Structure formats: structure tokens, C-alpha cells
């Protein structure tokens, strides 16, 4: 991908690469960089994909889950007799039995509370599983579910995370004595001095709402327990990280190799949320164990909205120390993160996943983060596209605008003043992140140019003169990809991490296995679980380049199976990791295979390996092209004719490679950690107009510039940017998982939880710059989350800019018509 | 007398099926489970997301908002019936060429809605495409690829006529 | 989200359906297009013992012109509102408003009668019925009665229909060729139920003086809002901005809306006035255009 604005290239069919001079290195990189048509599409376009609900097993039965109607209550008794006697019902599993048959899920904090896959003793949120019915079909299971009687003793609920910190707040987990799941006070640099040196100190309170991923496909699990072998086999749309497989195994109290996870080729979207399916995997595994047969559970939309997972809502107090020229000297941030009823792994990652990129693209060196992770009577949380970043960039970018406002500087200027530059790369942030590459000012220049920013401001002047509420919002962010597992241990105090016997955590790896058959054609399996990101296509492009073959010669199998695939704890498709670590694993495996081909060819041709190259399906001696052998013949020999194989060559042709990053270390005693591995950049400019009569925010224009390093398939990357941006826009303008003060859930349907449709989705103008990552084998970085992290801040900035003349400050999302209209109305009411 | 099960005869993608169904069985479940036509996807079961859209007697309907028994005697086209003789429908081609899908879960519903849209309005503007598809939700694409695909298919189909 | 069990009947004549309603009374529920009822069944928020599916009654799917009125059978699909030439020529407001009802997939199945009987306080068809003084033809096995739209809607999701009765036809007056109309609404998303909506029909005389204003608002009360006093404000007047501002203020003042997840009562009051003004202006422009066409 060349620098500068991207053009939407029409996708050529996947047949022949563009004509190129065939000369050694030149042949490489012909497929990478092209928008080839996706390999996944034919099956998905014709209704022949394989999603979990498309799978059936012999003697398959179906589950329905009875859920708590109360936010907080003690369970006094269950009466399941009528349900058990209902025709077609095989078994009823209660929360009480779950408590007996399984162990609490492990989680990486010191607070000792118990979280099971169903309510044990108490319910703590509306929608918490209380019992499971297994029956001949889902209709019957739901009929029987209604026959279960549960007696509750209501307890006072608490849903507000700040109120939950108060001394007299109702306590969810009595064993803790309060609602704090984790508290860390982190200091980097010298914050006190920064605030002493400041010309200006600003402080704001921010509220970020709960919204979610809402993939079109809900959670889906088929669990099958074999009582003879003690083996659990689970088909599900789990997306990783497979560290959650370990968490599930601990809860089931089974060795990891007896808990087999199978993920089919197709997952109907996830955007983070399907990490948190694992409690249901455990619950259904227990149901299968009790029912003695395989059990399928397809989460319905109501269940999904109320009780799957979502991102945290949070209250944050942010204070910044600034020089009169706009230089940001220090940040003090107090965060109260609401993780709902149970602090569930991988939480409290919401707070700590972005620790390395906490300062975003800015040079500020002094940071204090006082983080409270609080439990309330809401649904437990987990990853949602952007995981933790949309919250911090909302706070950060609102503050940059406040600084601009106070110092009467242009918002672009304030940001430019503080940006880390290309010369600073690789840049170590005060919190320990190591930004691998980037040119943030250049990206900023590009977005200013693309949007014709000066003209936008003129347009705004004119609109304001006409009395219109016209606003321009700017938001920047550093996009972390490939989490270093070690970041999560920031939740533990350094003394705890230093204890003897404690196993430090660090790293991030991915594996790829490649096989060449006897006719020279290739199959690849990955340790990834894609949910629409087009891995088959991208791996095809990479492998074709590496082996000098065409995509038609390559087949990628997307299914994942812990019993068959190479994988590790960090495997899976999350944290935008594929473009960095997945692609590198594919490259590594292909190169390993290529090495084997050359090694064998060297023996067959009696030419030293270093003199051989592979080109257009043949292995040549560089200086003597007459001396050659087709790759097909090498492969044929490896498979068919072992007599010719040297002793050090194994039969067949396959290679497995695992790629990992060098700078993946555990947090240091000062709590610094490189929480991700590659760091992209994005900047948005949103242009909006607010209708004062309805409070509706209309997006007029949107400009988005990205640096995701090398782009392997431009169409796929831009598809991710479109989707990510709309995800963030949805959260900023439309979507909210709302509760009343009693913890009753208010948005249990798509009538209430409002997602944008094609009419509400803006068109984006996308630009790219390319700063290849020095850490990945193709220079690529993740891009799938990017704009989802900055879009809410961009919207907030634009609406604040539009409403600025009315004296309105925007510190809370979502900016739905109700909130915006009320703000405008109140500003006019003395 | 009401019957616990009813006989239905439903033609799906040109093939006629005779089955016994409980009156409450949703058409979406009937297609997926009873006929094993798994291409019709269920996304919300309350008529908002559009994933389960099929054509009944030539018109789009939400198959989650109908009982199978109501389709007795009807002709239904599901996603499995869109490609003919191994050849993709121009809309399917266009979705493939224009990155009109990512996870593919909403895609069958979008394709069938787009079929009806282009039948009613063979030359839609971008705005008309967006409005015409507003009964289908997608969470992957930001809709851009979908809108481009439908516009591309429209011009291709027009040229072929 | 699977519907509970029910006994299912699919009569092919109105008489059979009425007999079933008589037999099962309050235990029975009529299934028309199902676009509102089936979601309620799937959520198990409705659990009738008996479902009387009237989709096979072909006699209820018609559009007829009767002496200056437009008679629409209860089972006429909402799609027909968009496509019927008779409807377009006699009561174009219905044609224009149809695309505001849900999405094509919904209108293909949803029916005119079903929407009216469901009595959602934000349903477009209810507003039009009220504004135009539509007549609801209701039958039971005992006989037939006709109820004016103003008396038909009782409260949220409730009409005057007795358990043994069914709506068989709705009669709209044909609009004068010189009338202009509009339906303006504020929605969160295209195709959603309106947060607030206003429909209006403006009739002008040759001097462009308003001879009649009809105006109904939805999303501002339990049933569609209509007020003769407000409609009288424009009677015999040239429509001016200041007059419309006064009217809008009166609308905002008189409606009695609710606060919910998506809007506050205050916001709805304000919107009702703003949309009333917008709708009347649009209708007036259309009426002027029609006048010119006539002359």
C-alpha cells in the first residue's frame, strides 16, 4: 500500500497476478496488497456456511435457561418436579447443583468471591442463569422452564458504580465486605511535579455507557459429556483467547486435554463478545453431564441482550496539567469501572488492557491512574471491540478539546503540539508500551488535507451565522493489537507478583500448520477462530506469495479443534491480533516449508541449498537454470518415494510454526508493561449537525485516516474500518444497555436496544498511511478495532462543538435524541 | 376440533415437502430444522434484524414471524434457491465482488431483501438502497459494502436486460 | 423465544371465524399479519389459548370505492397501500404514509386491520384513521356495527372490540382533489415506530384560504391525538407562519405525552408542535399544487 489516500480498487478475480518481471525477489508480494475476492464468500452467499446452530449430533437434545427476574435476591428454594415430569423433558439442572458439580471460575484478582456458571445461593443480576432444562426440543424446554418454581428473598440492588463504593451500599458478595473487585493506584513519572509546573489544570467527570457488540449470531453451544472417558466435547462459537479454555477447565475440574473445544468454520460476528461465552460452555457441559446426552443451546436475542456480556460502563474523573502553549504535562485519572455482578475473566482487562497505550499518541510522561473495578447488580462484562480504549480515548480527547477551548487554540493544533513523532519511534510510553512504528503528525496532516479542515471551519462559521448547530469533532488514538497476556497481571499488586511460586504471565503467540500434498498443492490450518475477518483469504494471499504459487493452489481450513490444531493459551481471534501475529505465523510456516522443499531439492539435484531458489513452481539453481526440478516432483518424492529421501528429511511435506514477539515481558515492579505488541494509529474527523427540535445528531461527513502498517487486502481492511466506525457511532448515538435504579433491565429487545441500519450509517472517506511494523514479518498491524475506539470521542467532540455556543459541555454518552434535546432544552431554560 | 399437529405441503426452492407440524412451529425453525435448510438464519425472533428473511410467493417475509402452518400451499425461496444451476445470482456475484459481507450471517436475509428491492426498483439511488435495506441489520460491514454491492448488481442486471 | 402452545384454527370465511370467537371468547386471539402478535408470542408476553388465523379468509382482502369512500378489507396487506391505484387516487395520504410503516418485509405481511386493532399509540394508520374520521366496520356472530375512529381507540393497545367481535373493514373518506396532505414523523431509525408523528390534511378554496384542517398526532397520548379547537384555528384563514406558530404552541400545550426510554414528555410536546407546523406547511404546498392542477 502506498502512502496517501486509498482508492477503492475494484477487486480483480483471483486468477493471475498482475504481470511482473520474473526475477527472484520480484515475484514475491504479488498477492499481498491486492483486494482479491474472499475465499469464504461462496459458501456464505449460498447458505452453505457452517455455524454452530447448523450442526447436529445423534440424540441431540435442547436446552432452555431459566433466568433471574430479580437484580439481587437470595434463592430460598427450587421446585422442579412439575418441569421434570413434563413430557419430553430429560433433566433439570439447578444452580445449587452447579455449585456442587463445578468449581468457581478462576480470575486474576486477589478478591476472593465465587462466580459459577449459574446462580448459587443468590442471584445478582437480572438474567442470571438459575436453572437449565434439557428437553426433546427448544419449544418443550421453554414450556417446562415456565413450570419451575423458584422462591426468592429480595435484597436491595445497587446498579450505580459510584454509589456501590459508598460505605452503606448493598454488598453483592458478602465474603468481600464491599463491592470492590480490584483497586490499583498506579503512578508513572512524577505527577505531582507536573501539576506543580502547570499553567493550567482542568478537571472533568466523564460517564461512559454500556453498549455491546451485538453480533447477528448469538452464543451457541453444543456440549457432549462422555461419562466413560470423562471427556467433554464442546462445539461453540467461542473466539478465544484460549486462556478462557483453561478457565473453563478449572471450573469443570477437568484436565485441559479432556475439554475439547471445536469451533466451526463460520462464526456470525463477535466483536469481542464471544470470549465471554465460556461460562455457558461450562453450564451446558454440566447440563449434558446430568442429562447423559449431547445438549444444544442457542442463546436467544433476549438472553443475549440481558445476560451475555457487554463492555463496562464507567465513571472517570480526569485532571490534566497543561502549559500555556498547550503542552500536556500530566494526567490524573480516577476510574470507577462497572464490571457488573461478577468480575469475570478476562476482566479487569477493561481497565488494564490499554495500560501501555494509556497516553494515546501524546508525549505526556506523567500519569496517575487510580482504578476501582466495582461489582454491581448488572450483567457481567467482557471484551467489546476496542476493549477499554473507547473509554480512555473519550476521556482523553474530550480533555484535549477542553484544553483547546481554555487556551483558545485550534483542536488540531493542541493535538499536533503533543503528538509523538516518527523520529521518536520506537517510543516507550511512561506506562511501558513500546510503540513499534508510526508517523502520527503525517496522518494528522493527511486527515486535515482530506477533510479540507479550514474549509470545514468556514462552513461552520456560515452555518452558525444561520443559527444552525454545526460541529466538527476530532479524535486520535493509538490502536493496540496483539495483547501481551502479561498485562492482565497489572491487576495484582507487584508484591503479589513477586511472591515465590507465582507464575508470571507474558507473551502472545500464534501457530500455523501447512501441508503440501504429493501434487504440490497446499493446505493450511491456523490457531485462529475468525468471525468474518477473512482469514482464509489473507492466509491464501500470504502463502501464495511465500511459495510462489497462486491462491487457487491453496486451501485454508477455518475450523478449529483443540484436539487437532496447534494452539496455545493466547490462540484465538481477538485483540486485533491476526494481522500481526496470525499473518506472521503463516509466513513463518510457509518459509519453513519452503526450506524443506529446498533442502530436499538440494539432495535431489545435488546442488547446495544456498544456490537454489523457487520460482513459478520450480526449484532452480541460481547460476544454472538448466538444473531444476518442479516443486510438484519434490513433493511427489517426499510423499511417494522415500527411498530418495536423505536421512535428515522426514517423509511428507509439512511444517508447523509458532510466531511470538520479542518484547512480551511480564509487568515490571513499577507496573510498566508493553500491554500489546503492535500499535497502529487512527484519527477521525466527524462533521455533524444537531437538529434542535428533535435532538437528533446527523452525521454530515466523516474522514478517517489509519496507519495499520502493511495492508494485505485493502478491501478487507476498509471493511473492518467501516464496521468498527459504525460500532463506535452506534455506541455514541444509539445503543445503550439500560437499567432502572432497581436493576431491572430496560433494553431486552431490538425495539429498545437501537442499532443503526443502512440509513443511519454514514459514508466514510478513508485514508491510509503506512508505517510497517518492524516486529511482524509482513509489517502489518491490526485494524479491526481501530475506529471503534475513536468514533465515540469524535462524535462527542463534534456534538460538543455544535452545542458549544449554547454553553453545553459533553461529558456523557450516548448522545441520543433524548439526551441531546434535554441538554439543549435545559440550556435555554434559566 | 383443534389438531396438535397439522399436515402442510410447502414448496421450497421448487421442491414440494409434506410434513406434520405443530401449529406453533415458526417457519424459520421449520426451514432450518425440519427441512435442514440451514441457510436461513435466525437473529432475533422478533422481526427486527431481518436475518431470517425469505421470499414467500415472491414477497419477502420474516420467517420468524410466521408459523409454518401459515405457509401451507405457499412457494418459498430461501438462500439455497437463489443460485441456479451452479451459477450465482447477479446479487450474489456483486456481494462477492464488492465485499458485501464479512461474517455472512446476515447475508442471506440481505440478498433476499435486495432481490425484492431490485425487482420493484431496478434502478435505485444509493438512498433508495439504504432505505430499502433498512429492515436488515448488519454489524460487520457498516453497510457500505452491502450498499455498493446492490448498486453494482442493479447496473449489471440492467445491462443484461 | 419460542411461542407457547395454542389451539390453532384457520377459518376460510368470516362466519366461521366469528363462530370461533363466539365459542372461545376471551381465550381467543385473532392472528392477522402477525407482525406485532408473533413477536409477543415469541417473547411469551401474549399467551392466548386459541389462535384464530384469518389469513385464509380471502373475502377480507379488498379495496373498493363506494360512493366517495374507500373501503379497505381488514386483511388487506399494508403493501397494497403502496401499490393500489384506487387508494392512490382516492386517499393518497395512505399511499404516502405506507412507507413509514416498518419495512417492506413487514408491509408484505402486516395488514391494515391488524395495525388498527393492535392500537399501538405510535401507529401511523391509527393517526390517519382518526384524522380522516374513518369508519370501522365490526362484526360478530350477533351482527354488525360501525364505530367511528374517534370512538374506536380506547387506550394503549385497546380498542372497543369485544372478544367476540372482529374488525372486517375500514372506510376512509375520499380526499377532495384539491386537498393536500402530509405525514411528518420523528423516528430514531428509518422504519421504527414513530417517537412522535403528525398527519394532516389541508383543504384550501380557490383563494388559498383554508376551508378545512384535519390533524392527528401520535406518540403524544394513549391514543391518537386530535383536537377540534386546534383544527378550527385555521378555518377560513390564510395560512401564515405566525398562525402556524400559534397552532404549534397550542398542540404542544394540549398534548399529554409520556416519558420513556427514547424521549421525554417535554421533548414529545415540543416535537408535536414542530411536526404539526411542518406537516401543515407541506400539506398546504401540496394543496396549492393540486389547486393549480385543477384549474
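The values are calculated or read from the model by the stated rules, or taken from the named source; none is laboratory data. Please read these numbers as outputs of a predicted model, since none were measured by experiment. Glycine also receives a Cβ, built like all others from the backbone with ideal geometry; neighbour counts cover every protein chain displayed.
Just so you know, in the range A:741-767 the residues that are in a loop (DSSP other than H, G, I, E, B), touching a residue at least 12 places away in the same chain (Cβ under 8 Å) and away from chain B (no Cβ under 14 Å) include one that is farthest from residue A:158 (Cα to Cα), and it is A:744.
Can you tell me how many residues in the range B:11-34 are within 28 Å of residue C:49 (Cα to Cα) and either in contact (Cβ under 8 Å) with a residue 12 or more places away in the chain or facing another protein chain (nearest Cβ under 9 Å) (or both)?
16
For the criterion of being surrounded by fewer than 20 Cβ atoms within 10 Å (Cβ to Cβ), out of contact with any helix residue (DSSP H, G or I) (no Cβ under 7 Å at 6 or more places or on another chain) and at pLDDT 95 or above, residue A:648 fails. Scanning the range C:43-55 for residues that are touching a residue at least 24 places away in the same chain (Cβ under 8 Å), closer than 20 Å to residue C:166 by Cβ and either more than 13 Å from every other protein chain (Cβ to nearest Cβ) or crowded, with 17+ Cβ neighbours inside 10 Å (or both) returns C:48, C:50, C:51, C:52, C:53, C:54, C:55. Taken together, the criteria place residue A:341 among residues that are part of a loop (DSSP other than H, G, I, E, B), over 20 Å from the mean Cα position of the chain (by Cα) and crowded, with 24+ Cβ neighbours inside 10 Å. Among the residues of the range A:623-633, the ones that are buried (at least 18 other Cβ atoms within 10 Å of the Cβ) and in contact (Cβ under 8 Å) with a residue 40 or more places away in the chain come to 1 in all.
Just one of the listed residues (A:318, A:293, A:260) is assigned to a loop (DSSP other than H, G, I, E, B), surrounded by fewer than 24 Cβ atoms within 10 Å (Cβ to Cβ), away from chain B (no Cβ under 14 Å) and touching a strand residue (DSSP E or B) at 6+ places or on another chain (Cβ under 6 Å), namely A:293.
The residues on offer are A:42, A:58, and the sole one that is away from chain B (no Cβ under 13 Å) and out of contact with any strand residue (DSSP E or B) (no Cβ under 6 Å at 6 or more places or on another chain) is A:58.
Pairs needed: first member in the range A:199-210, within 14 Å of residue A:331 (Cα to Cα); second member anywhere, in a strand (DSSP E or B); C-beta distance under 6 Å; at least 6 residues apart or different chains. From residues that are within 14 Å of residue A:331 (Cα to Cα), the pairs are A:200/A:322; A:201/A:321; A:202/A:320; A:203/A:319; A:204/A:318; A:205/A:317. Yes or no: residue C:73 over 24 Å from residue A:146 (Cβ atoms), buried (at least 21 other Cβ atoms within 10 Å of the Cβ), at the interface with chain B (Cβ under 9 Å from one of its Cβ atoms) and under 18 Å from the mean Cα position of the chain (by Cα)? Considered against the rule, which asks whether it is over 24 Å from residue A:146 (Cβ atoms), buried (at least 21 other Cβ atoms within 10 Å of the Cβ), at the interface with chain B (Cβ under 9 Å from one of its Cβ atoms) and under 18 Å from the mean Cα position of the chain (by Cα), residue C:73 comes out as no. Among the candidates B:125, B:107, the residue that is in contact with a helix residue (DSSP H, G or I) (Cβ under 8 Å, 6 or more places away or on another chain), more than 22 Å from residue B:34 (Cβ to Cβ) and free of Cβ contacts under 8 Å to residues at least 60 places away in the same chain is uniquely B:107. Among the residues making up the range B:32-46, those that are under 24 Å from residue C:51 (Cα atoms) and in contact with a helix residue (DSSP H, G or I) (Cβ under 6 Å, 6 or more places away or on another chain) are B:42, B:44, B:45, B:46. The strands (runs of 3 or more DSSP E) falling completely within the range A:154-249 that include 3 or more residues that are closer than 30 Å to residue A:291 by Cα and touching a helix residue (DSSP H, G or I) at 6+ places or on another chain (Cβ under 6 Å) map to A:220-226, A:231-236. In this structure, residue B:74 qualifies as more than 10 Å from chain A (Cβ to nearest Cβ), surrounded by fewer than 21 Cβ atoms within 10 Å (Cβ to Cβ), touching a strand residue (DSSP E or B) at 6+ places or on another chain (Cβ under 9 Å) and at pLDDT 95 or above. Restricting the search to strands (runs of 3 or more DSSP E) fully inside the range C:1-78 and requiring at least 3 residues that are over 30 Å from residue A:750 (Cα atoms) gives C:63-66, C:69-73. Exactly one residue out of C:161, C:188 is within 27 Å of residue C:45 (Cα to Cα) and assigned by TED's automatic domain parsing to the domain that holds residue C:91: that is C:161.
Only one entry of A:499, A:519, A:457 meets the criterion of being more than 30 Å from residue A:539 (Cα to Cα) and assigned to a loop (DSSP other than H, G, I, E, B), and that entry is A:499. Selection of strands (runs of 3 or more DSSP E) fully inside the range B:1-61 by the criterion of at least 2 residues being crowded, with 21+ Cβ neighbours inside 10 Å returns B:6-12, B:53-56.
On inspection, residue B:64 qualifies as buried (at least 23 other Cβ atoms within 10 Å of the Cβ) and within 9 Å of another protein chain (Cβ to nearest Cβ). When only residues in the range C:182-209 that are touching a helix residue (DSSP H, G or I) at 6+ places or on another chain (Cβ under 8 Å) and over 22 Å from residue A:693 (Cα atoms) count, which is surrounded by the fewest Cβ atoms within 10 Å (Cβ to Cβ)? Only one residue tops the list, namely C:206. Kindly list the number of the only condition in (1) touching a helix residue (DSSP H, G or I) at 6+ places or on another chain (Cβ under 6 Å); (2) within 14 Å of chain C (Cβ to nearest Cβ) that fails for residue A:818. Condition (1) is where residue A:818 drops out.
For the range C:96-120, a tally of residues being part of a helix (DSSP H, G or I) and more than 18 Å from residue C:38 (Cβ to Cβ) returns 3.
Kindly evaluate residue C:93 against the criterion of being farther than 30 Å from residue B:3 by Cβ, assigned to a helix (DSSP H, G or I) and either out of contact with any strand residue (DSSP E or B) (no Cβ under 8 Å at 6 or more places or on another chain) or at pLDDT 95 or above (or both). So residue C:93 fits the description; yes.
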